[in-house]
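Asks: Let me begin by handing over the structure; questions about it come next.
The values are calculated or read from the model by the stated rules, or taken from the named source; none is laboratory data. Just so it is clear, the structure is predicted and the values come from calculations on it, not from any experiment. So basically every Cβ, Gly included, is an ideal-geometry build from the backbone, and we count neighbours across all protein chains shown. Heads up: the accessible areas ignore ligands, DNA and RNA and are worked out on the full protein's heavy atoms, side chains in. Shrake-Rupley method; radii C 1.70, N 1.55, O 1.52, S 1.80 Å.
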Amino acid sequence: MESTSLTSLVDSQIAEAREASSGRAAVTVFGGREHDLRQTLIALAAGRSLGEHEAPGEATLQVLLGEVRLTAGEDVWEGSAGDHLVIPPHRHDLHAVTDAAVLLTVASRA
């Protein structure tokens, strides 16, 4: 059985995001190309964004730390630690209102 401390990962990735010129850091928690499920912890320094991008397929976002804003066209969702969102299946952007960490879960066909 495999176990990971998300709390420790959040701390390390937030520190990395604060130091990175892009203001972000990410690490795969589980999965990869050989799996149908992929979970990635993404950290963003306050005020930084991922930039608008296509939806990765069926995906959810769980806010682990801080506050974020997801914008998809005219729709805007604001979430904070403990919130969960099904990501809409079209272009969107994720913005960190404060230092933030989210767990992105994507289902695909390996």
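Asks: I'd like the residue in the range 37-60 that is of a type in the set (D, E, K, R) and under 13 Å from the mean Cα position of the chain (by Cα) and, out of all such residues, is nearest to Val97 (Cα to Cα).
Replies: Ranking the qualifying residues of the range 37-60, first place goes to Arg48.
Asks: Let me ask something additional. Here's a check for you: in the range 55-71, which residue that is in contact with an Asp or Glu (Cβ under 8 Å, 6 or more places away or on another chain) and either modelled with pLDDT under 90 or not hydrophobic (A, V, I, L, M, F, W, C) (or both) is least open to solvent (accessible area, probe 1.4 Å)?
Replies: Filtering first and then ranking leaves Gly66.
Asks: May I pose another question? So is Glu52 without any contact (Cβ under 8 Å) to a residue 40 or more places away in the chain and either over 15 Å from Val106 (Cα atoms) or open to solvent by less than 30 Å² (accessible area, probe 1.4 Å) (or both) or not?
Replies: no
Asks: Could you please find all residues in the range 69-100 being of a type outside the set (D, E, K, R) and under 23 Å from Asp36 (Cα atoms)?
Replies: Of everything in the range 69-100, those that are of a type outside the set (D, E, K, R) and under 23 Å from Asp36 (Cα atoms) turn out to be His84, Leu85, Val86, Ile87, Pro88, Pro89, His90, His92.
Asks: Follow-up. For the range 6-15, indicate whether the set of residues that are among the hydrophobic types (A, V, I, L, M, F, W, C) and in a strand (DSSP E or B) is non-empty.
Replies: No, there is no match, as no residue in the range 6-15 is among the hydrophobic types (A, V, I, L, M, F, W, C) and in a strand (DSSP E or B).
Asks: So, in the range 24-36, exactly how many residues are open to solvent by 70 Å² or more (accessible area, probe 1.4 Å), over 12 Å from Val102 (Cβ atoms) and either assigned to a strand (DSSP E or B) or not basic (Lys, Arg) (or both)?
Replies: Matching residues across the range 24-36 total 4.
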